[in-house]
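Structure record follows, encoded as C-alpha cells.
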Amino acid sequence: MKINKKLVLLLMVAFLVSIVAGCGGAATKTETEKTPAPAKEPIKIGLNVELSGGVASYGTNCRNGIVMAFDEINKAGGVNGRKIEYIVMDCKSDAAEATNVAARLVQKQVVALIGPLVTGSVLGATPIATQNKIPLVAPAATALPATVDEETGKTKEFVFRTCFLDPFQGGLMGNYAADTLKAKKAAILMDTSTDYAKGLAQAFKESFTKKGGTIVAEEGFVKGDKDFKSTLTKIKNKAPDVVYVPGYYNETGLIAKQARELGITVPLLGGDGWDSADLVNIAGAKALNHTFFTNHYSPQDNDPKVVKFVQAYKAAYKTTPDAFAALGYDSAYLVADAIKRAGSTDGVKIKDALAATTNFTGVTGTFSMDQYHNPVKSAVLIEMVDGKQVVRTKIKP
Amino acid sequence: MYEFFQQMLNGVSLGSIYALIALGYTMVYGIINLINFAHGDIMMVGAYVGFFSIAILGVGVVPAMVFAMLACALLGVVIEKLAYKPLRNSTRIAALITAIGVSLFLEYATIWLLTPQQRSFPIGTFPEKNYYFFDQQLVLTNKDLFVLVAAVALMVLLQYIVKHTRIGKSMRAVSQDMEAAMLMGINVDKTISYTFAIGSALAAAAGVMVGVYYNTIDPLMGIIPGLKAFVAAVIGGIGIIPGAMMGGFVMGILEALVSGYGSSLYRDAVAFAVLILILLFKPTGIFGKDTGEKV
Amino acid sequence: MVTKKLNWTHLTISTVTLAVIFTVFQYLIARQLIDVYYQINLFMLGINIILAVSLNLINGFTGQLSLGHAGFMSVGAYTAAVMTTKLGYSFAIGIGAGCLAAALMGLLIGIPTLRLKGDYLAIATLGFGEIVRVVFLNIEYVGGASGLIGIPQLTTWTWLFVSVVVTVVVIQNIVNSSYGRACISVRENEVAAELMGVNTTKYKVLAFTVGALFAGLAGGLYAHYFFIIQPGTFGFFRSFDILVMVVLGGLGSTTGAIVAAAFLTVLSAGLQSFPEVRMVLYSVVLIITMIYRPQGLMGNKELSFRTFQRIRGDKNGPVVNREPV
C-alpha cells in the first residue's frame, strides 16, 4: 500500500509540474508577442517537415537542402542585413500533426513556413497559414489542390509551391510510354492512400489513352502494404506492355522486386515518389532495370549551378542529394529572395513578393510563378540502369 | 487456371508467415490466457537483431536467426518477469492493457533508439532463386519454400515439446489449472518463463524470416502481421498449435483470393470480418473444443 | 447520506465554477489572448475528455473491454462532416446526425459482439474499428485515404464547452441511476448479476450505445475544428489513446477520466518536439500504473466536494465509496 501511495503522489506531482510548465510557456509567450522585434534580430522561418513516419526520407533530405541553403545565405550576410533563424519541427508524415506543427511554428513568430512535403499534409497546414497571414511554401506538393481550391477554382492566397504538378508529370509519362516505349496496353497499380498517386494515375490514363493505348488493369494498394504478389499476379495475367506504379519508394521498391520475381519483365514506370537512395536497397539493382520515372532534377545534370549544389551537399551530408533536397534548397532561396524583394518580414508583403516571382533560377530549373502560385518548370525522365539514375530526356512544359 | 494456382501459392507463402507468428501467439495464450499484444513487436526486435547480425557482424541468415532467437528468448523472459508476472492475479483488462503498453514501449523505444527509417538487408543476404513452371505461368521462389519449411518444422518441434517433454507436460498442467499444478510440485514461474522464452524465440525466427522475405524492416513492422497472426490463431482455435498453422494458411489464402479476385483494398477488412464472424459463431475456432465457462 | 440542502450548495458552486471557466476562456479566445497553438490543445483536451468519459461508461463502469472507440468517433466525424460540407445542413444537424449514426453503429455492433467476453470482445471491437477505417478509406465520396477536406471550422468554444458538460452530466446521471448500478453489477460479476435478474445484455448494449453516441459527438466536433479528417486519424492507435486515458484515470471514475485526459493532453502537447520520447513515456506510465495500481490513479473513486472537505479536515461528510475491485 505504501508504494502505491508514493507512486500516486509521484504521478500527481508529475501532472502538476507539467501543468505548471504548460502555464509557464503560455506566460512567456504572451510577453514576447507584445515586444516588437528589433531590426537586427534574426528572421525566423519555420520548417514543417516529415522527419518520421512514412515519407521520412523526403522530409529529412528536404530539411538538409533547406538548412544548407539558409546557412549559405547567412554566411553571405543574411537577408536585408538580418540573419535567418530556422526552426525545424517534425510533422510525422501526418496531416493532423502538420496542422499542429504549423500552429506551433506560428506561435514561435516565424515569418514564413516551408513544408510539409506531401500534399495531404500541406492541406492540413494551409488553414493555419491562411488564418495567420503567413506564406507557406510547399517544396514538393505536386497534387493540384495544394495551391488551388478545387471547388471554387480560386488560388489559395498564402500557399506556393516550387515543384511541377501531377497532371504534368503523369501526362509526360503517358506520352513517353506510348511514343518511346511503344506500349499499347498499360496496367496501373497506384497508392490509393494519397492524392498524389491518384492524380498521377489519372493524368497518365488520360494521356496514354489519348495516344490510342488501353488501360488493361487498375489496381490499388495502401501505404504500409508489404505483400503485392496477389495483385501483381492479377496484373501479369492481363499481359500489359508497361505497368505504371505511382507511389512512394517504400512500397514501389517492394512492388518492383516482387513483380520481377513473378516474372513481370515489362518496363515499370513511376513518378518523383520513386526518387530515394532506399529504392535500390529495397528492390535491388537488378529488379530496377527497365524502370523509368519522372523527376524534378537529376544530380547528373551538367548545369554549373547543379554541379556546385551537388558538390556542396555531398561535402555536408556524404550522400548525393535527391530531388527533395534540391527542392528544399530552391524553396529556401525562393523564400529568402521574396523577403529581400519585399523588403519586409510582413507576411502579406512576402506573399505578394512570392506571387510576383519571375525567372527565379534554382537547381531544379528556372521558373516564374503563374496565377495559381505554381511554378512553370521542366521535368526530367530518368531510367534506372544497374542501380544508377540515367537521364533520358528533359521536358519543358 | 494457372492464375488460380499462382494465387493459391501466393496465399500459402503469405500464410506460412502468419502461421509462424501465430505459433508463438497461440502458445502463450494457451498457457497463461494472455493476449500478448507485444508478440508482433518481439518479432520486430528479432528482425532488428537479425538485421544487425547480418549487416554488422556479417554472419549468414541461419546464425543471425539463432542470435535473434536467443536475444528474444531473453527479452521475452524479462518482459514476463517485469510486466506480466506482477499482474498474474489481476483482472484480464489490466493484463491486456499492460500488454498493449509493452507493445507501444517496444515500438517507440526502437524508433527512439534506431530512428523510424526503414532498413533493408545488404544485397545478397539471401541467395534468391526463382523456379518457373508451365512456361513461366507458375512461379515459386526459394524464399517461399524456406518460409514454408521453417513454419512446418517449427510447428512440429513445438508440438513435440508440448506433448512429449517434461517441460511441455508442466506447461499443459499449468494451462489446465495453475494452482493444482503448483500443488503437484510444478514450478509455475519456471514453466511460464520457459513458455515466454520459447514463444519469443519463435517470434524472433519469424521476424528474421519476414525481414529477409520482404527485404525491409522498420520499427512498426510488427503491428499488422501481429494482428493478422492473432486473427489466424483465433481462427484456428487459440491455444491449439496445429490450429494456428491452419489459421495462418486460411488467412493467407483468403487474403490472396480477395486481392486476386476482388480488391486488395478490402483485404484487411475481410480478414477482420472473418474474425468477427468466427468469434460469433464458433468462438473456440475451427479446431477448438467448447469447454464452457468456468464460474 | 447527503442532504438535499447540501446538494443545492454543490449545484450552485458547480454552476458558478463552470460559468467562470467558460467566461474566462471565452474572453481569452475572443480577445485572441491565447494563440492558435494553445487553442488547438484546449480543443483537443475537450474532445479527449468527451472520448474518455464516454469510453469509461463502457470499459470502466460496465467492464466491457472495447478497443473500437475510434471507430465510433470516425463514424460521427464523417457523418457530421458530410452533412455540413457536402449536404449543406447546419452544424447542429450535422452533429446530431453524427451522434445518431455513431449510436446506431454502437447498437448494431453491440448486439452481436457483446455476447463475447473479455479478450475476445476486445479483439472483435478492434476488428470493427479497423473495418470502419478500411471502409472510409475506400469511399471516394469522402475523399478516400487522403481524407475529407474543406470542412468549415464551426466548433466554437461554446459548442465544445457545452458538449463536454452535457457528456459528463448525462454519463454521471446514468451511472448514478438504477441503469448505472445494473451496469456496475455486470462489471462486478456478470453471472451473479444475471442470476439476480439483471438483463445483462440490455445494459451492456445500452452502455455501448450511449458510449458510441458521445464518441460520435467528439468525432463531429473534431472534424469541424481540424478542417480535415482522414481514415488514418481514427486507427486503433487512437482507440488505445482513449483507453489509456480511461485506465490511467481509473476504470469507473468519471473525474479520473477527466483528470487523465487533461494530464495526457498536456503531457503530449508538452512533448510535441520529442514524439518518440512521448510514446515511450506514455507506455512506461501505462505499464507502471497497471502494475502498481491496476485500478488506475483514482480507482473508482470520484473527486468531489466531499473529497475537498475531507482534505480540509471537515469530517461532516463521510466519504461513501464503492469498494475497489
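Taking only protein heavy atoms into account and a 1.4 Å probe, give the accessible area per residue of region C:1-125 in Å².
Working: 5120 Å² over 125 residues.
Spelled out: the 1.4 Å probe surface of region C:1-125, per residue, equals 41 Å².
Looking at region C:207-236, which residues lose a minimum of 20 Å² of accessible area between their chain alone and all protein chains in place, measuring with a 1.4 Å probe and not counting ligands or nucleic acids?
C:PHE226, C:PHE227, C:ILE228, C:GLN230, C:PHE236
Only Cα pairs within less than 10 Å get springs; with that Gaussian network setup on chain A, which residue of A:ASN295, A:ASN281, A:ASN100 has the largest fluctuation?
A:ASN281
Report the longest stretch of chain B that contains none of the trypsin sites (Lys or Arg not before Pro) sitting in a DSSP loop with at most 11 other Cβ atoms within 10 Å.
Numbers: sites that count: B:LYS129, B:LYS289, B:LYS294.
Here the longest segment lacking exposed loop sites spans B:130-288.
Of all chymotrypsin sites (Phe, Trp or Tyr not before Pro) in region C:208-309, which ones are in loop regions per DSSP and have a Cβ with at most 12 other Cβ atoms within 10 Å?
Numbers: sites: C:PHE208, C:PHE214, C:TYR222, C:TYR225, C:PHE226, C:PHE227, C:PHE234, C:PHE236, C:PHE237, C:PHE240, C:PHE263, C:TYR282, C:TYR292, C:PHE305, C:PHE308; in loops: C:PHE227.
Filter output for region C:208-309: empty list.
What order do A:ASP90, A:ASP352 take when sorted by accessible area (1.4 Å probe), most exposed first?
Details: A:ASP90 30, A:ASP352 80 Å².
Per-residue accessible area, sorted high to low, gives A:ASP352, A:ASP90.
So who's got an amide H within less than 5 Å of the one on B:THR141, skipping anything under 5 residues away but keeping other chains? H placed 1.01 Å off N, in plane.
Here B:TYR131 satisfy the definition.
Once you wrap a convex hull around the alpha carbon atoms of region B:59-183, what is its projected area averaged over all directions, in nm²? Write out the running numbers ahead of the final one.
On the way: hull surface 49.7 nm².
Average of the hull's projected areas for region B:59-183 equals 12.4 nm².
How large, in percent, is the carbon and sulfur part of the accessible surface of the protein assembly as shown at a probe radius of 1.4 Å?
Values: 25270 of 39700 Å².
Answer for the protein assembly as shown: carbon and sulfur cover 64 percent of the accessible area.
Using just the helices of chain B, give the 222 nm mean residue ellipticity in deg cm²/dmol: DSSP H runs with n ≥ 4 each add -39,500 (n - 2.57), and the total is spread over all residues, rounded to 500. Spell out each step's value before the answer.
On the way: 11 runs with 204 residues, N = 295.
For chain B, the value works out to -23500 deg cm²/dmol.
Students often forget the sequence filter, so: which lysines lie under 26 Å Cα-Cα from B:LYS169 once same-chain residues fewer than 8 apart are removed?
Hits, sequence-local ones excluded: B:LYS81, B:LYS85, B:LYS190, B:LYS289, B:LYS294.
Based on alpha-carbon positions alone, could you give the equivalent ellipsoid semi-axes of the protein assembly as shown from the gyration tensor, as √(5λ), descending, whole Å? Walk me through the numbers before you get to the answer.
Details: eigenvalues 409, 310, 125 Å².
Here the semi-axes work out to 45, 39, 25 Å.
Show which lysines lie in cross-link reach of A:LYS314 when reach means a straight Cα distance below 24 angstrom and same-chain residues fewer than eight apart are skipped.
List returned: A:LYS75, A:LYS305, A:LYS388, A:LYS394.
Quick one, can you get me the convex hull of the C-alpha atoms of region C:1-67 expressed as volume per residue in Å³?
On the way: hull volume 6.6 nm³, N = 67.
Roughly 99 Å³ of hull volume per residue.
Report Rg (one decimal) and Dmax (nearest whole number) for region B:162-262, counting Cα atoms only, units Å.
When restricted to the Cα atoms of region B:162-262, Rg and Dmax are 17.0, 56 Å.
Work the Kirkwood hydrodynamic radius out for region A:102-165: mean of 1/r over every pair of different alpha-carbon atoms, inverted, in Å. Could the numbers behind the result be given before it?
Details: mean 1/r = 0.0870 Å⁻¹.
Roughly 11.5 Å, rounded to one decimal.
Kindly compute the accessible surface that chains B and C hide from a 1.4 Å probe when together, both sides summed, and give it to the nearest 100 Å². Write out the running numbers ahead of the final one.
Working: alone 14990 and 16310 Å², together 27510 Å².
About 3800 Å² of accessible surface is lost on pairing.
So what's the back-of-envelope 222 nm ellipticity for chain A, counting only DSSP H runs of four-plus at -39500 (n - 2.57) apiece and dividing by all residues, rounded to 500? Display every interim value, and only then the final one.
Values: 12 runs with 180 residues, N = 397.
So the calculated ellipticity at 222 nm is -15000 deg cm²/dmol.
Can you give the accessible area buried between chains A and C, summed over both chains, with a 1.4 Å probe, in Å² to the nearest 100? Write out the running numbers ahead of the final one.
On the way: alone 17780 and 16310 Å², together 30990 Å².
When A and C are taken together, about 3100 Å² of accessible area is lost.
Please give the residues from region A:96-111 for which the solvent-accessible area of heavy atoms, probe 1.4 Å, is smaller by at least 50 Å² with all protein chains in place than with the chain isolated.
A:ASN100, A:ARG104, A:GLN107
Which aspartates and glutamates, if any, have their Cα less than 16 Å from the Cα of A:LYS198, not counting same-chain residues under 8 positions apart?
Hits, sequence-local ones excluded: A:GLU150, A:ASP166, A:GLU206, A:GLU218, A:GLU219, A:GLU251, A:ASP272, C:GLU140.
Among the trypsin sites (Lys or Arg not before Pro) within region A:230-283, which fall in a DSSP loop and have no more than 16 other Cβ atoms within 10 Å of their own Cβ? Before the final figure, lay out each step's value.
Numbers: sites: A:LYS234, A:LYS236, A:LYS238, A:LYS257, A:ARG260; in loops: A:LYS238.
Those satisfying the criteria are A:LYS238.
Which one of A:LYS154, A:LYS377, A:LYS205 has the biggest mean-square fluctuation once chain A is modelled by GNM with Cα springs under 10 Å?
Result for chain A, Cα springs under 10 Å: A:LYS154 fluctuates most.
In region B:101-120, which residues become less accessible by 50 Å² or more once every protein chain is in place, relative to the chain on its own, using a 1.4 Å probe?
Residues shielded by partner chains are B:LEU104, B:PHE105, B:TYR108, B:TRP112, B:PRO116, B:GLN117, B:GLN118.
Determine the equivalent ellipsoid of region C:43-235 by diagonalising the alpha-carbon gyration tensor, then write out the semi-axes as square roots of 5 times the eigenvalues, largest first, rounded to whole Å. Before the final figure, lay out each step's value.
Values: eigenvalues 176, 68, 27 Å².
Semi-axes, largest first: 30, 18, 12 Å.
For region A:166-295, report the translational diffusion coefficient in µm²/s to the nearest whole number, using Stokes-Einstein at 4 °C, 1.567 mPa s, and a Kirkwood Rh over Cα pairs. Could the numbers behind the result be given before it?
Working: Rh = 14.0 Å.
Answer, rounded: 93 µm²/s.
Which one, C:ASN176, C:ASN48, C:ASN59, has the greatest fluctuation when you compute a Gaussian network model over chain C with C-alpha springs under 10 angstrom?
Looking only at C:ASN176, C:ASN48, C:ASN59, the biggest GNM fluctuation is shown by C:ASN176.
With contacts defined as alpha carbon pairs under 8 Å and 6 or more residues apart, what's the relative contact order of chain B in percent?
Numbers: 482 pairs, mean separation 108.7, N = 295.
Reported as a whole number, the value is 37 percent.
The values are calculated or read from the model by the stated rules, or taken from the named source; none is laboratory data. Because the structure is predicted, anything quoted here is derived from the model rather than measured. Cβ atoms come from the backbone with ideal geometry, glycine included; neighbour counts cover every protein chain shown. Remember, those area values only see protein heavy atoms, side chains included, never the ligands or the DNA or RNA. Shrake-Rupley method; radii C 1.70, N 1.55, O 1.52, S 1.80 Å.
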